[in-house]
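Report on one structure; see the data block that follows.
The values are calculated or read from the model by the stated rules, or taken from the named source; none is laboratory data. These numbers were taken from a predicted model, which means no experiment stands behind them. No Cβ is skipped: glycine too gets one built from the backbone with ideal geometry, and neighbour counts run over all protein chains shown. Ligands, DNA and RNA are stripped out before the accessible areas are found, and what is left, the full protein with its side chains, is counted by its heavy atoms. Shrake-Rupley method; radii C 1.70, N 1.55, O 1.52, S 1.80 Å.
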Amino acid sequence: GKSGYAHFMLKEIHEQPTALRQGLSGRLDELAGQVTVDELDGLETPTTVQFVACGTSYHAAMFGVETLRTAGIPAQTFLASEYATGPPPIGNETLVVGVTQSGETADTLSALREASARGAETLALTNVVDSTAARECDHVLYIRSGPEIGVAATKTFSSQLVALTLFSAALVDQRGEESRERVAALRALPSDLQYVLDESRTADVVDAYLDSAAYFFIGRGPNYPVALEGALKFKEITYEHAEGFAAGELKHGTLALVTGETPVFAVVTGDDERARKTIGNVKEVEARDAPVIAVTDGVAGVEQYADHVLEIPNTHPQTAPVLANAQLQLVAYHMANRLGRSIDKPRNLAKSVTVE
Ligand code: F6R
């Protein structure tokens, strides 16, 4: 049942701290300051990684590219439906990773089979034990989210982000301070997320924007997939027009649509060049009268340009996106709820897409 929640989606959003604890269990060695993922023991570090995925899982894969980038492993994402019918060249030590919570998405299975047929080693990153992807791939890494009923993926996305962080860390040398900091941030993540869920002001914020023309979501680096995911979730369950962008890309065309009627959700975390440049992009939309809702850890200093602030604790570059995403899940949920939409079973969508 829904354990007192109005919808499975809201229940599953609130289950995320537990889902993440399950996903981290036995995988953090705090004494050594390292990640240990037994399931990856038999895996040689690949020279390149190709991710194949669809929808929300594709956004998780984009985050995976970013974590592998920081680990020094070149990676690319491919929409599974494109890969399946037009696979890219595969090198000698290319690992193809299918990110699929269900393990049954037809496009993703097709892409993985194509990769396998062309000699690539494959890994399934999935929630469902013994799913088709888990059975067919050479390796499997379970995200351990627990069952997800709502059609809109929520806790499985967060669990995918964490599993991809573990995956990237486990592939490379983990000595040093950087590794310790990551382990500490991962250890704190479930309670940080609990804090975000307990304190979120999203229900009040959405009330100010119930009948806007369109909704934009922007972010840079690891917050770019968060922006895309924020927009996808919003579209799926509110039926309103939303789009996500890399923060720097808006000015290359879509800025033409930005007006006082188009709220912009800006995900800005950390205190680095990326944050500063994203704030520059926020100023561009603010100058066109767009309401700005900043999802931020307060470090970046974006508050002064925002009409509303959705706060997250200051954590770590690889865990902040999980917290920011939770705020955007709640934005979509509360907006859909206020608009009276069918939240757990949005029109035209199925939980598992088994056709190509
Ligand atoms: C969106 C959503 C879909 C799935 C996509 C892939 O909320 O759930 O976009 O992410 O259909 O599904 P899996 O991960 O099962 O391969």
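The table below lists the values:
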| read-out | value |
| --- | --- |
| Residue-level accessible surface for M9, protein heavy atoms, 1.4 Å, Å² | 0 Å² |
| Solvent-free Debye scattering, log10 I(q)/I(0), computed from the Cα coordinates of the stretch 10-58 at q = 0.15, 0.17, 0.33 Å⁻¹ | -0.71, -0.86, -1.07 |
| Shape box of the stretch 41-93 [Cα atoms, principal axes, largest first, Å] | 28, 23, 19 |
| Peptides 116-123, 84-91 ordered by average Cβ neighbours within 10 Å, highest first | 116-123, 84-91 |
| K251-V353 FRET efficiency (beta carbon distance; Förster radius 41 Å; 0.05 resolution) | 0.75 |
| Surface per residue (accessible, 1.4 Å probe) for the chain, Å² | 40 Å² |
| Cα coordinate range in the chain, projected on the principal axes (Å, largest first) | 53, 46, 44 |
| Principal axis dimensions, largest first and in whole angstrom, of the stretch 1-138 by Cα | 50, 39, 26 |
| Percent carbon-and-sulfur accessible area, the chain, ignoring ligands, DNA and RNA, probe 1.4 Å | 46 percent |
| Measure of compaction for the stretch 195-334 (Cα Rg per 2.2 N^0.38 Å) | 0.91 |
| Largest-first ordering by accessible area, 1.4 Å probe, given options L186, L232 | L232, L186 |
| In the stretch 1-70, trypsin sites (Lys or Arg not before Pro) in a DSSP loop with at most 16 other beta-carbon atoms within 10 Å | K2 |
| With DNA, RNA and ligands ignored, accessible area of S3 (1.4 Å probe; Å², nearest 10) | 90 Å² |
| Trypsin sites (Lys or Arg not before Pro) restricted to the stretch 274-322 and DSSP loop, no more than 15 other C-beta within 10 Å | R288 |
| Accessible-area ranking of H241, H59, H334, largest first, probe 1.4 Å | H241, H334, H59 |
| In the chain, lysine pairs closer than 27 Å at Cα, eight or more apart or cross-chain | 27 |
| Which of V322, V355 is most accessible, then next, and so on - probe 1.4 Å | V355, V322 |
| Per DSSP, loop GluC sites (Glu not before Pro) in the stretch 22-91 with at most 16 further Cβ within 10 Å | E30, E44 |
| The stretch 62-135 shape via C-alpha gyration tensor axes, a/c threshold 1.5 | oblate |
| Area of E261 that stays accessible when all protein chains are in place (1.4 Å probe, Å², to 10) | 110 Å² |
